[in-house]
Amino acid sequence: MRDQGQPEFRADQVFRWLYQGRAASCDAMSDLPKKVRAALAESFTLWTTRVAKQHRADDGTQKLLIELADGGQIECVLLADGDRRSICISTQVGCAMGCVFCASGLDGVDRNLTTGEIVEQMLRLQHLLPADERLSHIVVMGMGEPLANLDRLLPALEVASSEKGLGISARRITISTVGLPPAMRRLVERNTRYNLAVSLHAPHDDLRNRLVPVNHRMGLKAILNEADNYFTQSGRRLTYEYVLLADVNDSPECARQLAALLHGRNALVNVIPYNPVAGLPYRTPSSAASRRFREILESAGLNVKFRRRKGQKINAACGQLRRTGVEMEE
Ligand code: SAH
């Protein structure tokens, strides 16, 4: 605004229009002089992406397939649950981590998203809400590995959590990582206001190396060390995610080993029944196997949450919508 020869309070007006007023264009910012609106529209692009597909499930879950300016595609999701309006956003086009059961990484990674592209997902999803509802939670659990794109993610979360931005408390923002120890250390140095979730999926390195190939270079011990450090520095209870795959990591022995691994930690174990991906050989465990797994963790004294499956019919699992898009185009 200063560059445009305008008083600085106009910047606050633009912020309000973007993040609270849900302005769809510069022209919609009606308390700015017409000339200023025109000058803004000439110098800046409000939207660099377009919504390529929009799916809505019966349970209210909405998923967007977003096409970036260079043609890349990413996914993001809005989940409504009671008073909660949570969004799940992506940080990369594709993913380089190669988790064998996940659709996002099947074709590797194309590139990191920019800060603007990350913020745009939040705004696109916010615009789906009725005027009297606001976003309450963010999980960075979409496509990509957030800690591999930390430098662009953190400024986007800054906008999300600032009063002038979306005003979502940092305590309601969760970053999910496959577990990259050096980047976890960098996160501690830069910001410990957010919740951290670590995707474990296996209780020992042998199995984890097979499910999460990047583990070869990391190892569970180093990951848990950094996770403990995050807890010490932030005081925020960590979440450990465990995708339950039938006959792969759902045995009672795995549950006992997981309980032993996390013993003594102030942690929440989030067990996620596998959401099947077309073309991959993994299956969702039976409810009996899931129940047995849960009972073992609980009787060992762990805090356990079983994630309910939402939005299944709209391919809401990571990277699935993009793949159906790819298949349709081929
Ligand atoms: N790269 C980050 C964020 C990815 S997605 C991470 O690894 O944490 C968030 C969670 O969904 C991860 O735990 C991931 O392993 C899990 N996930 C991926 N594909 C899934 C599927 N088909 N069904 C259930 N969970 C899945």
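Just to verify a result, which residue in segment 1-19, among those that are free of Cβ contacts under 8 Å to residues at least 24 places away in the same chain and surrounded by 12 or more Cβ atoms within 10 Å (Cβ to Cβ), is farthest from HIS127 (Cα to Cα)? That would be MET1. If you filter segment 240-272 down to residues that are among the small types (Gly, Ala, Ser) and farther than 16 Å from HIS204 by Cβ, you find that the one that is nearest to the ligand (Cβ to nearest atom) is ALA246. Could you identify the single residue in LYS34, LYS53, LYS63 that is surrounded by fewer than 20 Cβ atoms within 10 Å (Cβ to Cβ), in contact (Cβ under 8 Å) with a residue 24 or more places away in the chain and among the basic types (Lys, Arg)? Among LYS34, LYS53, LYS63, only LYS53 is surrounded by fewer than 20 Cβ atoms within 10 Å (Cβ to Cβ), in contact (Cβ under 8 Å) with a residue 24 or more places away in the chain and among the basic types (Lys, Arg).
Among residues of segment 181-221 being away from the ligand (no atom under 16 Å from the Cβ) and touching a residue at least 40 places away in the same chain (Cβ under 8 Å), the one that is nearest to LEU262 (Cα to Cα) is HIS204. Could you tell me which residue of segment 115-128 is surrounded by the most Cβ atoms within 10 Å (Cβ to Cβ), considering only residues that are hydrophobic (A, V, I, L, M, F, W, C) and free of Cβ contacts under 8 Å to residues at least 60 places away in the same chain? Top of the filtered list is ILE118. When LEU245, LEU258, LEU238, LEU262 are checked against the criterion of being under 19 Å from the mean Cα position of the chain (by Cα) and either among the hydrophobic types (A, V, I, L, M, F, W, C) or modelled with pLDDT of 95 or more (or both), LEU238 stands alone in meeting it. Each residue in segment 129-174 was checked for being small (Gly, Ala, Ser), crowded, with 22+ Cβ neighbours inside 10 Å and within 16 Å of the ligand (Cβ to nearest atom), and 3 of them qualify.
Would you check if there is a residue in segment 75-86 being under 18 Å from GLU120 (Cβ atoms) and not assigned by TED's automatic domain parsing to the domain that holds GLN126? Step through it out loud before you land on a result.
Taking segment 75-86 and keeping what is under 18 Å from GLU120 (Cβ atoms), we get 75-78, 85-86.
Of the ones still in play, those that are also not assigned by TED's automatic domain parsing to the domain that holds GLN126 are none.
There is no residue in segment 75-86 that is under 18 Å from GLU120 (Cβ atoms) and not assigned by TED's automatic domain parsing to the domain that holds GLN126.
When segment 27-56 is filtered for residues that are more than 19 Å from PRO7 (Cβ to Cβ) and among the hydroxyl-bearing types (Ser, Thr, Tyr), the ones remaining, listed by number, are THR45, THR48, THR49.
Of the residues making up segment 273-298, those that are over 12 Å from PRO252 (Cα atoms) and away from the ligand (no atom under 13 Å from the Cβ) number 3.
The values are calculated or read from the model by the stated rules, or taken from the named source; none is laboratory data. Note that the structure is a prediction, hence the values are computed from the model and not measured. We place every Cβ from the backbone using ideal geometry, glycine too, and count neighbours over all the protein chains shown.
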